[in-house]
Amino acid sequence: MAAKTSTALSRVLCEETQTQSAQPNLQNSAPMLSKSPRFAAIAVDYVLYVELSKDGLLSQQKALAPIKWERIVPSPLPAPFQANIVSFTWPRFQYEVLIHMANKCDILQRFMIKNHDAGNLVWLASIKNHADFGVAVKIDGPADFLNFSQAAYEAYPASVAFKITMANPIQKANDAALQATRSCFPARPPICGKHGAP
């Protein structure tokens, strides 16, 4: 009799275990499945610097006196990028935005992708009237993008914007020249020295 009781208990425990493991826990997965896509018009803009000796075809001032660097901006602004921002990985989002902003201009597209791959582009993003992202913030990688995209999703239909910039090479060259000058001419000792005023 003891054997039958333990078998009956084993069977009951076994059936309960099988029933529990056969049914997925839908309570935990429901929030992920219930997020509906939210396609938004993401404003995109850029400020880039072109070294004319290398990328002169992108120049907007071909007839002017020769200069080494030229700042280029879109004219007119690119159309908004239509996307469900939470559906992208950070690398895929960057690539799609660059393609969109180049607007079928192969030279500009190659220039942007080359500078993106070299790490020369800075991505700034904002959400209109948002507590954390109301002022443009730098998106440095996947974690920043995930936080931003979730905030954009929750703030829908608030305006979302991305701006791609580069460090100003003219300013960088001036800073480097100033630094080189400072290292060539060390600071002079005080005129009075340790002997006091003349």
Inset, instruction - Using a 10 Å cut-off on Cβ atoms, rank the peptides 73-84, 124-135 from the highest mean neighbour count down. - result: 124-135, 73-84
Legend entry - segment 40-168 - percent relative contact order, Cα under 8 Å, separation 6 or more: 34 percent
Legend entry - Cβ-based net charge around His100, under 13 Å, with every Lys or Arg adding one and every Asp or Glu removing one: 0
Legend entry - Which listed pairs, of Lys68/Lys114; Lys104/Lys138; Lys104/Lys128; Lys104/Lys163, have C-alpha distances above 23 Å, in listed order: Lys104/Lys138; Lys104/Lys128
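Since every read-out is calculated from the coordinates, none of them should be taken as a lab result. This structure is a prediction, so every number in the text was calculated from the model and none was measured. In this analysis, Cβ positions are derived from the backbone assuming ideal geometry, glycine residues included, and neighbour counts consider all displayed protein chains.
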